[in-house]
Amino acid sequence: MARWTAREIPGLGGRNAVVTGAGEGVGLHTALELVRYGARVVIASRDRGKGEAAAARIRAETGGKGGGSVEWLPLDLGDLSSVERFATGFSAAHDGLDLLVNNAGVMALPRGLTADGFERQFGVNHLGHFALTGLLLPVLLARPGARVVTVTSGLHRSGRMDFDDLMGERRYGRLRAYTQSKLANVLFALELHRRVTGAGADLVSAVAHPGVARTNLARTGNPMQGLLVTLAKLPAQSAAAGALPSLYAATAAGVLGGEAFGPDGFAERRGHPTRIRPAAQAYDRVAARRLWETSEELTGVRFSAFDRGEVRP
Ligand SMILES: NC(=O)c1ccc[n+]([C@@H]2O[C@H](COP(=O)([O-])OP(=O)(O)OC[C@H]3O[C@@H](n4cnc5c(N)ncnc54)[C@H](OP(=O)(O)O)[C@@H]3O)[C@@H](O)[C@H]2O)c1
């Protein structure tokens, strides 16, 4: 994969893709390249204005060549009823889903709650995507070789799962909650891979992180913190470059379930996509199982197609 770029994306004609949080940032550039190479992409995010502007920009930049198309549909990962509405609507309108990119995210917010009462960073970054993936599992399984790419951060390496205080009720730190949620992304993706394998399903679950990319992710509402984050990002790469690890995981030949991708430069901050090894705590199977069971309980979403054996040929 030496110096892989988006120009190496294979033809994606006839493929359906959902990219969460693709109204801007890394997700927008992920969606743009998928459309350019012929995929039918749904931008799934909260803000209609941003989502529709992104879709218009993608149409203008790709010129409708190669059969690709793009539309925006509302999804609030911080509201399980919205996640359910999105999954039900998508599944009714499409006979299968080839690619789900769990990209949306919030970072370092002051403590707040989702509509269902979950701490916001854990709720949006992890639980919302857990529920979305589970509810879309039947349409994913309808397409052999479908891929789920879950977007994490290099900061997952500082993450610790605090199962006794998952929602930060007793002790909350903005960055601590973020790194926990990004570790949860990796634990989820690797556990999904193990469950796919156990069930004999034909689905690839992979992980990607963008390095450090210039986006609006660090808008925390605190101007001082915003400034510090901006300074820390000075050597950052473009959002388009940040999308390459996701695009590689989503489209390149030979990607295996359980693999992870990030930039190949110093400290995985920038560069071309390469295989990376997540932190040791991301391979903690006991924690992964506990997170999965807790997520099922909290969201009420079960990946029951695996249990019912519906996936065997
Ligand atoms: N930029 C970096 O340097 C960096 C580094 C490491 C990891 N990452 C990861 O990369 C991913 C993309 O981040 P980015 O930098 O592109 O950030 P961004 O520009 O802020 O984009 C994030 C998107 O997530 C969407 N979103 C936020 N809350 C949502 C919700 N409740 N429901 C649905 N969508 C929601 C937002 O759209 P709406 O407001 O329209 O909903 C927004 O468009 C995130 O998972 C982030 O953790 C980024």
Have a look at Val139, Phe86, Ala241 and report the one farthest towards the positive end of the charge dipole of region 12-304, computed about the Cα centre with Cβ charges (Lys/Arg +1, Asp/Glu -1). Ala241
With +1 on the Cβ of every Lys and Arg and -1 on the Cβ of every Asp and Glu, and nothing else charged, how large is the dipole of region 12-132 about its Cα centre, in debye rounded to the nearest 20? 300 debye
Using only Cα atoms, what Kirkwood radius does region 44-111 have, in angstroms? 13.9 Å
Read phi for every residue in region 164-171 and hand back ³J(HN,Hα) as whole Hz from Karplus 6.51 cos²θ - 1.76 cosθ + 1.60, θ = phi - 60°, with x for Gly and Pro. 7, 8, 4, 9, x, 6, 8, 9
Treating the beta-carbon of each Lys and Arg as +1 and of each Asp and Glu as -1, no other charges, what is the dipole magnitude of the chain about its Cα centre, to the nearest 20 debye? 820 debye
Using amide H atoms built 1.01 Å from N in the peptide plane, name the residues 5+ places from Arg147, or on other chains, whose amide H lies under 5 Å from its own. Leu99, Leu100, Val204
Residue of Gly211, Gly112, Gly254 that the Gaussian network model of the chain assigns the largest fluctuation, springs spanning Cα pairs under 10 Å: Gly254
Considering only the chain, percent of DSSP beta bridges that pair antiparallel, nearest 5: 15 percent
Cα centroid separation, region 248-313 to region 69-109 (Å): 18 Å
When the accessible area of region 12-304 is computed with all protein chains present and a 1.4 Å probe, what percentage of it is carbon and sulfur? 53 percent
GNM, the chain, Cα, under 10 Å: largest mean-square fluctuation among Gln237, Gln180, Gln121? Gln237
Let me see the P(r) profile for region 1-138: every Cα-Cα distance counted, bins of 10 Å, each bin given as a percent of all pairs. 13, 42, 33, 12, 1
Whole number in Å², please: accessible area per residue of the chain, 1.4 Å probe, ligands, DNA and RNA not counted. 42 Å²
In terms of modelled amide H atoms, which long-range or inter-chain residues lie less than 5 Å from the amide H of Ile276? Ala260, Phe261, Gly262
In region 35-79, if the dipole is taken from +1 on Lys/Arg beta carbons and -1 on Asp/Glu beta carbons about the Cα centre, which of Ala39, Leu73, Gly49 is farthest to the positive end? Ala39
Among Gly78, Gly173, Gly134, determine the one that fluctuates most according to a GNM of the chain built with springs between C-alpha atoms less than 10 Å apart. Gly173
Quick tally, 1.4 Å probe accessible area for Glu169, Glu296, Glu71, sorted with the most first, runs Glu169, Glu71, Glu296
With a 1.4 Å probe and all protein chains kept in place, how much accessible area does Thr88 have, in Å² rounded to the nearest 10? 90 Å²
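The values are calculated or read from the model by the stated rules, or taken from the named source; none is laboratory data. Please read these numbers as outputs of a predicted model, since none were measured by experiment. Virtual Cβ from ideal backbone geometry, glycine too; neighbours counted across all protein chains shown. For the accessible areas, the whole protein counts, side chains as well, though only heavy atoms, and no ligand, DNA or RNA atoms are used. Shrake-Rupley method; radii C 1.70, N 1.55, O 1.52, S 1.80 Å.
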